Amino acid sequence: MTADLLVATTLVGLVAAAAGAAAPERFRARVVSALTAAACACGLAVALDVLRSGRAAVVHTGRLLPLGGLSLALDRFGALFVAISAVVAICAMVFRLGYDGHGFSSRTASCVLPLFVTALLLVPAAASVTTFLFVWELMAVTSLLLVLVDHRRRPEVAVAAQWYAVMTQFGAAALLAGLVLLATHAGGQSFAAIASGSSGMPAWVRGTAFVLVAVGFGSKAGMVPLHVWLPRAHPEAPGPVSALMSAAMVNLGVYGIVRVGDGLLGGGPAWWWLLVMGLGALSALFGSLHAATSTDLKRLLAYSTTDNMGLVLLGVGAAGLFASTGHRSLALVALVAALLHVVFHAMFKGSLFLSASSFQQATGTRDLDRLGGLLRRMPVTGSLFLVGAGAIAALPPLCGFVSEWLLLQALLHGLPSSDPSLAIALPVGVGVLALTGGLTALTFVKAAGIGLLGRPRGTQAAEAGEVPRSMWAGAGVLATLCLVFGVAPSLVVPAVLDAARAVTASRVPGPLVRGWDVGLLGARGVLAPGLLALGLLVAVVLVAGVRSALQRAAVRRTEAWGCGREMQTARMQYTATSFGEPLTRVFEDVLTPAHDLDVSHVAESRYYVEAATFHTSLDDAFERHGYRHAASGLAWWGRLARRVPNGSVHRYLAFGLAALVVVLVVLG
Amino acid sequence: MTGAWPLPAVAAISVLQVLGVVAGGPLLVGLMRKVRCRLEGRVGPPVHQPLLDLRKLARRERTRPDQASWIFSAAPVVLVATTLVIALVAPLLATDPAFGWSADLFALVYLLLVGSVALALGALDTGTAFGGMGASRAMTIGALSEPALLVAVLALSVPARSSNVPTIVARSLAHPAWLATPQRLLSLVAFLIVIVAESGRLPVDNPSTHLELTMVHEAMVLEYSGADLALVKLGESMRLVVLLALFADLFVPWGVATAPGVGHVAVAVVAIAAKVTALGIALAVFEVAVAKLRLFRVPELTAGAFVLAVLAVVSALVVP
């Protein structure tokens with residue numbers, strides 16, 4: 001039954017793609033959205049069934065793919081990710097009905113979008129190396145095509161897609177090498193064969209494969225220093241695609257690291273997990289710092305994705321570290337916290353990206369320095385963005401708080417420890433988690449405060465109006481889930497716990513309390529989010545009631561005070577750049593902003609300034625120091641290599657002979 | 001501990017805590033103002049002057065800048081409401097208050113953050129230069145002081161194996177030796193710096209300044225008037241009391257009632273009032289002695305608090 005539904009998911013997805021290619025322009029958006037959402041509904045049904053019953057959905061056909069056929073097996077761990085992707089994709093499809101991005105209704109885009117969604121749903125179900133690499137590459141290529149949709153009108157799209165193409169293929173090459181290494185040593189390419197054969201592999205094989213796989217999946221998850229494509233590609237993608245990429249696709253990077261590290265290899269030595277934790281901590285800090293100083297709304301969200309995936313990897317690394325030092329129960333708690341954060345991140349980041357795309361559609365810009373006052377002009381979308389911002393800043397009673405709390409608990413209960421690796425890693429992890437939290441609060445006060453509140457900073461923002469209903473409905477479902485999961489995390493915690501158990505094959509009892517609250521068995525005190533929300537609600541009603549009882553007169557609207565000046569203009573407000581300026585100063589050594597002041601003088605006298613322009617920019621340090629050098633090195637290598645084939649037939653014959661000799665020597 | 005407390009006692013303690021924080025906030029601010037004035041050779045307004053101010057403001061008209069949205073009016077309410085919830089669940093008088101099992105230290109820190117975020121959003125909603133300036137500065141200071149508080153809290157939770165405040169208080173009462181460990185002392189200093197930064201006192205922010213260029217908190221609340229301004233002032237003073245009372249709870253827990261009984265609770269009320277008053281006077285004396293820091297030196301102070309707190313966690317490993 002569940003296996004049939006899994007097949008149905010694939011088939012409906014393919015039908016949707018065909019419909020996208022065939023349907024006339026008038027119905028295209030509606031037909032594609034409906035069919036893709038139907039495929040997602042099938043996927044969600046399978047995932048929920050697997051999560052409930054624990055029986056894997058298995059499909060195997062020998063004919064569809066070369067080298068071993070198509071092999072799918074969805075267990076509870078994979079089902080969690082399928083469920084997340086399906087929910088985000090359904091909301092994105094509802095959003096898509098009202099969205100009119102440039103070129104997004106073209107035949108190609110409409111054909112590729114369902115393929116991308118189907119690939120997203122199938123990656124966690126793949127059960128052999130070839131199947132996995134096939135759907136993984138399908139996902140990478142289709143998402144690349146979708147990023148490219150608007151490349152004719154805006155040249156920066158092509159640049160972003162170039163970065164994405166290089167990084168995703170680099171990641172795929174690392175994955176291919178790592179998985180093939182495992183498959184050859186296991187003597188079979190199905191995941192089951194690798195899992196049963198992995199314990200007998202030599203340590204260097206396991207270590208090399210893990211590092212290769214972590215690099216491949218890490219680049220998809222936006223892990224620093226492989227993140228450079230993410231803040232370029234996610235903002236340039238059309239609205240629904242950017243939400244799918246940032247809320248669903250990045251998760252699969254985490255899926256892969258956990259699936260291979262904990263599942264196929266059955267855990268590993270401490271250094272693996274210290275590596276994951278270290279890179280996670282770096283990603284969290286670097287991402288949150290850049291998000292705090294970004295002024296492009298979608299770029300800010302993209303950097304915050306790097307930040308959040310960093311936190312998830314921090315949890316995954318801590319879980320592995322606990323397991324390798326014998327703290328089985330804590331390992332499970334840390335993994336649950338990390339996976340819970342994946343679920344919640346998908347909800348709030350999906351809603352934030354969809355609302356940000358609504359703002360972009362209504363105002364034509366995503367530059368925060370040109371927005372402002374949108375909450376009064378777009379009350380529904382604005383409120384949804386506020387909910388998402390509150391959730392990502394981990395404000396109770398929204399969902400982000402619950403997963404951060406649980407991660408803090410896992411780190412707290414790991415202390416005090418006599419194990420040196422834990423003793424170093426845990427305080428650093430706590431510090432990073434706390435610092436990221438503070439920076440995220442600043443980031444989203446900036447995003448919501450500058451973008452939605454105050455006066456509009458441009459005519460486009462001043463004339464903006466509410467977007468079509470389907471657009472805010474799509475974002476609204478995700479924002480509602482942020483609130484629901486924040487108040488009643490017990491709706492998801494058991495499923496996440498089952499998923500974590502499924503992948504680690506953990507038999508530890510507990511370790512979380514049952515019921516409405518979240519907490520660790522054996523530790524006094526729990527987090528009672530429902531009670532907290534109720535308390536806050538009562539307090540707010542009480543205080544507001546007292547205020548209106550004391551002062552019955554209506555609130556008078558007045559001119560804001562401007563030091564005695566009569567006129568207040570929007571240009572007197574702080575912008576996103578000025579809001580983040582103090583922080584840029586504090587972290588000047590890390591961010592190294594570039595300032596450029598151009599003063600031109602009046603021809604008659606140098607003492608009179610004619611015009612002054614000030615330009616400040618903040619680019620990615622990894623991009624500037626690492627990638628630019630690597631790119632120029634590659635270009636140099638290319639120029640060098642170009643000299644070798646100079647057109648002379650003699651030289652080519654010599655190459656042939658040399659190659660033959662080498663082959664004979666190696667084989668002989 | 002659990003279950004030993006009869007329901008009326010728990011209810012009475014909760015009401016006492018909330019009323020104490022609501023009334024104690026303005027009184028503490030008045031007292032600190034009085035101490036500062038006396039040290040500077042002035043007479044100063046009476047201690048209960050802030051209460052009179054609140055009564056006056058509550059009857060004045062509320063105004064709202066013409067461009068502001070509902071966020072502007074909601075912010076003061078959220079500020080006071082979050083502080084009320086903290087006052088209700090924190091073990092200020094007894095180790096087992098109502099809902100004490102849910103009084104998680106991290107949750108309390110994040111509730112404080114909700115209040116700060118609400119106020120910053122309200123400031124940005126005014127659409128003026130001052131609102132943005134205040135919000136930007138306050139969030140920059142907060143971006144470093146909130147983490148310091150969080151890590152300091154974690155260092156305190158490690159020996160108790162729980163981040164539940166009543167548990168931490170009860171266990172430190174049972175093991176007084178804990179109070180002199182290095183991690184306690186380090187997190188104590190970090191906590192103090194955070195209190196100064198969060199409540200906008202000298203040397204981070206001057207609460208009595210009216211010079212625009214140096215304002216942080218005052219710049220954020222410039223546009224509030226009438227009952228809204230009363231709520232902002234009340235909320236700020238309540239936050240100060242709650243932070244000082246939590247500090248007293250965590251570092252000098254003696255006096256908190258561990259068993260039910262009118263006598264115990266009476267002792268607890270006197271003890272917490274004395275501790276908060278003493279801390280308030282100490283803070284006021286300190287304020288007279290120091291000058292305000294340049295804005296761009298403040299992050300050094302809060303970053304220092306953060307480093308101290310991380311050191312506290314590290315030393316929690318050495319001294320279990």
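The values are calculated or read from the model by the stated rules, or taken from the named source; none is laboratory data. Predicted model only: the values in this text are computed from it and were never measured. For neighbour counting, all protein chains shown are included, and Cβ atoms are generated from backbone atoms with ideal geometry for every residue, glycine included. The accessibility values were calculated without ligands, DNA or RNA, using every heavy atom of the protein model including side chains. Shrake-Rupley method; radii C 1.70, N 1.55, O 1.52, S 1.80 Å.
Data for the structure
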quantity	calculated
Equivalent ellipsoid semi-axes, region A:293-539, via Cα gyration tensor eigenvalues times 5, rooted, Å	36, 19, 15
Vicinal HN-Hα couplings computed from phi for region A:540-552 (Karplus, 6.51 cos²θ - 1.76 cosθ + 1.60; Hz; Gly/Pro x)	5, 4, 4, 5, 5, x, 4, 4, 6, 6, 6, 10, 7
Ranking by accessible area, most exposed first, for B:HIS210, A:HIS290 with a 1.4 Å probe	B:HIS210, A:HIS290
Solvent-accessible area of A:VAL342 with every protein chain in place, 1.4 Å probe, in Å² to the nearest 10	0
In order through region A:464-475: 3J(HN,Hα) via Karplus (6.51 cos²θ - 1.76 cosθ + 1.60), integer Hz, x for Gly, Pro	5, x, 4, 7, x, 4, 5, 5, 6, 5, x, 5
Accessible area (Å², 1.4 Å probe, nearest 10) - A:GLU463	150
Within the protein assembly as shown: Cβ-based charge dipole about Cα centre, in debye rounded to nearest 20 (Lys, Arg +1; Asp, Glu -1)	560
Average beta-carbon neighbours from other chains, 10 Å sphere, peptide A:529-540	5
Dipole magnitude of region A:1-83 about its Cα centre (Cβ charges: Lys, Arg +1; Asp, Glu -1), debye to nearest 20	120
Volume per residue that the Cα convex hull of region B:7-318 spans, once the total is divided by residue count, Å³	128
Formal net charge of residues neighbouring A:ALA79 (Cβ-Cβ distance under 15 Å; K, R +1; D, E -1)	+2
Taking chain B and dividing mean pair separation by its residue count, relative contact order in percent (alpha carbons under 8 Å, at least six apart)	29
Average partner coverage of A:383-390, which counts Cβ from other chains inside 10 Å	1
Rounded if a/c under 1.5, otherwise prolate or oblate - region A:575-668, Cα gyration tensor axes	oblate
Between region B:53-120 and region A:14-86, the Cα center-to-center distance that results, in Å	47
For region A:270-387: rounded, prolate or oblate by the Cα gyration tensor [a/c cutoff 1.5]	prolate
Reachable lysines from A:LYS220, criterion Cα separation under 21 angstrom, eight or more residues apart if same chain	A:LYS298, A:LYS349
Derived scalar couplings ³J(HN,Hα) [region B:33-49; Karplus, 6.51 cos²θ - 1.76 cosθ + 1.60; whole Hz; x for Gly, Pro]	5, 4, 4, 4, 4, 4, 5, 8, x, 10, 7, x, x, x, 4, 8, 4
Distant-in-sequence amide H partners of B:ALA94 (H built 1.01 Å from N, under 5 Å)	B:ALA257
Protection proxy ranking, peptides A:309-317, A:502-510, A:11-19, average beta carbon neighbours within 10 Å, highest first	A:309-317, A:11-19, A:502-510
Ordering of A:122-133, A:99-110, A:395-406, A:589-600 by burial proxy (mean other Cβ atoms within 10 Å per residue, highest first)	A:395-406, A:122-133, A:99-110, A:589-600
Set of lysines near B:LYS56 by C-alpha distance (under 16 Å), chain-local residues within fewer than 8 positions excluded	B:LYS233
Probe 1.4 Å, accessible area per residue of the protein assembly as shown, Å²	37
Anisotropy class of region A:484-535 from Cα gyration tensor, a/c 1.5 cut	oblate
Amide H within-cut-off set for A:ASP619, under 5 Å, with H built and near neighbours excluded	A:ALA594
Accessible area buried at the A-B interface, both sides summed, 1.4 Å probe (Å², nearest 100)	7000
Cut-off under 5 Å, modelled amide H: who pairs with A:VAL224 long-range	A:SER283
Region A:591-668 - charge dipole about Cα centre, Lys and Arg +1 at Cβ, Asp and Glu -1, debye rounded to 20	820
Within 10 Å of each Cβ in B:112-118, the average number of Cβ atoms from other chains	5
Apportionment of accessible area to carbon and sulfur, region A:286-384, percent (1.4 Å)	46
Zero-based 10 Å bins, Cα pair distances in the protein assembly as shown, whole percents	2, 11, 20, 24, 20, 13, 7, 3, 1, 0, 0
Portion, in percent, of the accessible area of region B:7-318 that falls on carbon or sulfur, probe 1.4 Å	72
